[in-house]
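The values are calculated or read from the model by the stated rules, or taken from the named source; none is laboratory data. Quick caveat, the model's predicted, so the values are computed rather than measured. Heads up, the Cβs are rebuilt from the backbone with ideal geometry, glycines too, and the neighbour counts pull from every protein chain shown. Just the protein is used for accessible areas: all its heavy atoms, side chains included, with ligands, DNA and RNA removed. Shrake-Rupley method; radii C 1.70, N 1.55, O 1.52, S 1.80 Å.
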Amino acid sequence: MTVDVNKSDGPDATPPAGPEAIKAIPVRHPGRYVSAFVAIALLVSVVYAFAQGNINWGAIPDYFFDDRILHGVWNTLLLTVLSMVIGIVGGILLAVMRLSKNPVTSSIAWFYIWFFRGTPVLVQLFVWFNLGLVFEYINLGPIYKDYWSSFMTPLLTALLGLGLNEAAYMAEICRAGLLSVDEGQTEASHALGMSHTKTLRRIVIPQAMRVIVPPTGNEVINMLKTTSLVSTVQYVDLLKAAQDIGQNAGSTVEMLFLAAAWYLILTSILSVGQYYVERYYARGSSRSLPPTPLQRFKAAVLPARRPKGVSA
């Protein structure tokens, strides 16, 4: 009996040839290069135009840390914080009123939101500032009485104009956050004997924060920039201080550039804070948190560590 042994089964057999490797040709994107070239050309032309303009660039660093500018920065930050406190507190109250089953409180909240969202902030500031033409005195009985012009200071005008307007926007943000929580959470809390107030404080609001926080951070940044409008009612904020220096020093445009630089610095700092706050409240909604800017920098710059025992 003979056995036919296939030569390919021997130790010196040649392995069968595999499929030919595919030679992948990357898709060309000439539009990307053209758009990049156009964008760089426009950027260079703008920079060149301002470099050749009649601008005293040396005035900007000379006044960048001037006492009047720093005082304006402080007033801007103070006004931003106080206005947002008024807006957030008022927004929460309006949101609760808007969701109330009481038709009176719900209608009042709806009218407030409709009115303040429908009129420009600058118009509201002018109305508060010029109410002295309508009312000569403010009379609160035995509590307080004074001339309206003495009562309605530029700071109070700015707080009322910005804070009450912000409350209307925060009310819609808070209402959206409260509605994002499933109704079963509220029903289960009531079944356990919790009151409506305790349910809001312990159950609903903590879960709604994940929806409320991101747009609230945007509102803070927007409020910082909106404070520049209060210079029209004689409140000395960053823009007003820069304008006053520019008129006295004959460097109007330069001081506007200086104010813009300060606004960019402040908004950039707030943006970083907003990122970390959003990351904190995203812990319960995503499997893995997004990397921080520092972690991204380390991953891009530092080489990845190899496990022990693995050679290059």
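For the stretch 251-258, backbone phi angles converted through the Karplus equation (6.51, -1.76, 1.60; θ = phi - 60°) give residue-by-residue couplings of 10, 5, 5, 4, 6, 5, 5, 5 Hz, Gly and Pro being listed as x.
In the chain, the longest principal axis of the Cα atoms and the axis of helix 103-118 are about 80 degrees apart. Descending by average beta-carbon neighbour count within 10 Å, the peptides 40-52, 179-191 line up as 179-191, 40-52, the highest first. Placing dummy labels 7 Å off each Cα toward the beta-carbon, the span from residue 280 to residue 301 is 2.6 nm. With a cut-off of 17 Å on the backbone N, the residues of the stretch 195-226 near the modelled label site 7 Å out from residue 99 along Cα-Cβ are 195-216. Per-residue surface analysis assigns residue 253 an accessible area of about 70 Å², computed on protein heavy atoms at 1.4 Å probe radius. A crude spin-label estimate for the pair residue 225 and residue 271, with each label 7 Å from Cα along the Cβ direction, gives 1.0 nm. Our estimate of slack between residue 252 and residue 20, defined as 0.36 nm per intervening residue step minus the Cα-Cα distance, is 76.5 nm.
Using the Cβ-Cβ distance between residue 156 and residue 244 with R0 set to 25 Å, the FRET efficiency from 1/(1 + (r/R0)^6) comes to roughly 0.75.
Solvent-accessible area of residue 223, all protein chains in place: 10 Å² (probe radius 1.4 Å, heavy atoms, ligands and nucleic acids excluded).
Considering only protein heavy atoms and a probe of 1.4 Å, how much of the accessible area of the chain is carbon and sulfur, as a whole percent? After summing per-atom areas, the C and S share lands at 64 percent.
Extension gain, residue 41-residue 201: 0.36 nm per intervening residue step, less the Cα-Cα distance, totals 52.1 nm.
Estimated from helices alone, the mean residue ellipticity of the chain at 222 nm is -21000 deg cm²/dmol (sum of -39500 (n - 2.57) over DSSP H runs with n ≥ 4, per residue). Normalising by residue count, the stretch 130-255 has a Cα convex hull of 161 Å³ per residue. For the peptides 264-273, 88-97, residues were scored by their other Cβ atoms within 10 Å and the scores averaged per peptide; the highest-first order is 88-97, 264-273. Each 20 Å bin from zero up to the one holding the largest Cα-Cα distance in the chain carries the following percent of pairs: 20, 40, 26, 9, 5, 1, 0. Taking one quarter of the surface of the convex hull spanned by the alpha-carbon atoms of the stretch 80-193 gives a direction-averaged projected area of 9.8 nm². Spin-label model, residue 136/residue 264: points 7 Å from Cα along the beta carbon direction are separated by 5.2 nm. Residue 56 label point, 7 Å along Cα→Cβ, cut-off 20 Å on backbone N: hits in the stretch 238-282? Those under the cut-off are 239-262. Computed over the stretch 216-255, the range of Cα coordinates on each principal axis works out to 39, 20, 9 Å, biggest value leading. For the chain, the relative contact order comes to 21 percent (Cα pairs under 8 Å, sequence separation of at least 6). Ordered from largest to smallest accessible area (heavy atoms of protein chains, 1.4 Å probe), the residues 157, 105 come out as 105, 157. Heavy-atom accessible area, probed at 1.4 angstrom with all protein chains present, ranks 219, 278 as 278, 219, highest first. Computed from Cα atoms, the angle from the helix 205-226 axis to the main principal axis of the chain rounds to 70 degrees. With a 1.4 Å probe rolled over the protein heavy atoms of all chains, the accessible area of 112, 169 falls in the order 169, 112, largest first. When you filter the trypsin sites (Lys or Arg not before Pro) in the stretch 70-167 for DSSP loop state and at most 11 other Cβ atoms inside 10 Å of their Cβ, you are left with 101.
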